[in-house]
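Asks: One structure, as structure tokens, below. Some questions next.
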Amino acid sequence: MKIAKAMRTWGWVSFRLMWLPFITIFIGMWGLPEGEYDWVELPMLARVSMIAAGSLAALALILLVGAAVAGLFANRSLQENGLPAQAKIVKVWDTGTTINHDPLVRMILEVHPPGGAPFQAETERLVSRLQIPQIQPGMVVEVRYDPATNAVALADAEPVES
């Protein structure tokens, strides 16, 4: 989970930084007469800015997609190897990422492990658009957790009958 969060953070940093060289492309080409130019005919500032903007855009794309994939793999591992518990959903928010038109959401859960002290944990889950009403604050859901790290993954999106 920490890797996915770090990748997402650096992906957004790269995306925001990409706009600086993008702007300098126009500054570097300021005053050039209209027409077509070969690469070597472009001013050095414009060429360096194009390379930097493209590199940062590619890095942002790789990190943001990689963050979603890393989060899904971490959730899958917890679902297979974690201990079962019930958790109350405290907060839910959209990450801005969608995969096959389904949103990737982050949530804070209050986990109540059997025989242990309750704790809060943050997790993310790809939620079908049909399951969105079932992932709301106040609902109790089944989770799997790692007692060593308190990492949590939803076992399923169905609310627990109280």
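Asks: In debye to the nearest 20, how big a dipole does the chain give about its Cα centre with +1 on each Lys and Arg Cβ and -1 on each Asp and Glu Cβ?
Replies: Values: 12 positive and 15 negative charges, 82 e Å.
The calculation lands at about 400 debye.
Asks: Then there's this: Using alpha-carbon pairs under 8 Å, 6+ residues apart, how would you state the relative contact order of the chain in percent?
Replies: 21 percent
Asks: Okay, moving on. Net charge within 15 Å of Gly96 by Cβ-Cβ distance, Lys/Arg positive one each and Asp/Glu negative one each, not counting Gly96 itself?
Replies: Charge balance in the 15 Å sphere: +2.
Asks: While we're looking at this one, here's another question. Just name one of Ile62, Pro147, Phe26: the one whose Cα is farthest towards the positive end of the charge dipole of the chain (beta-carbon charges, Lys/Arg +1, Asp/Glu -1).
Replies: It is Pro147, whose Cα lies furthest towards the positive end.
Asks: Can you tell me the order of 108-120, 83-95, 64-76 when each peptide is scored by its average per-residue count of other Cβ atoms within 10 angstrom, highest first?
Replies: In decreasing order of mean packing, 108-120, 83-95, 64-76 become 64-76, 83-95, 108-120.
Asks: Ok, one more. Hey, in the GNM for the chain with a 10 angstrom Cα cutoff, which one of Pro43, Pro103, Pro21 fluctuates hardest?
Replies: Pro43
Asks: If you don't mind, another one. Work out the charge dipole of segment 59-162 with +1 on the Cβ of Lys and Arg and -1 on the Cβ of Asp and Glu about the Cα centre, then indicate which of Ser77, Ala87, Ala121 is farthest towards its positive end.
Replies: It is Ala121, whose Cα lies furthest towards the positive end.
Asks: If you don't mind, another one. Using a 1.4 Å probe on the protein heavy atoms, what percent of the accessible area of segment 35-162 belongs to carbon and sulfur?
Replies: Of all accessible area on segment 35-162, carbon and sulfur atoms account for 58 percent.
Asks: Once both axes come from the Cα atoms, what is the angle between helix 2-28 and the longest principal axis of the chain, in degrees from 0 to 90, rounded to 10?
Replies: For 2-28 against the chain, the angle is about 20 degrees.
Asks: Oh, and also: Between [x] 15.4; [y] 15.9; [z] 18.2, which entry matches Kirkwood radius over Cα pairs in Å as derived from the coordinates of this structure?
Replies: Identified label for the calculated read-out: [z].
The values are calculated or read from the model by the stated rules, or taken from the named source; none is laboratory data. Computed from a predicted model, the values in this text were never measured in an experiment. As a convention, Cβ positions derive from the backbone with ideal geometry for all residues, glycine included, and neighbour counts pool all protein chains shown. Heads up: the accessible areas ignore ligands, DNA and RNA and are worked out on the full protein's heavy atoms, side chains in. Shrake-Rupley method; radii C 1.70, N 1.55, O 1.52, S 1.80 Å.
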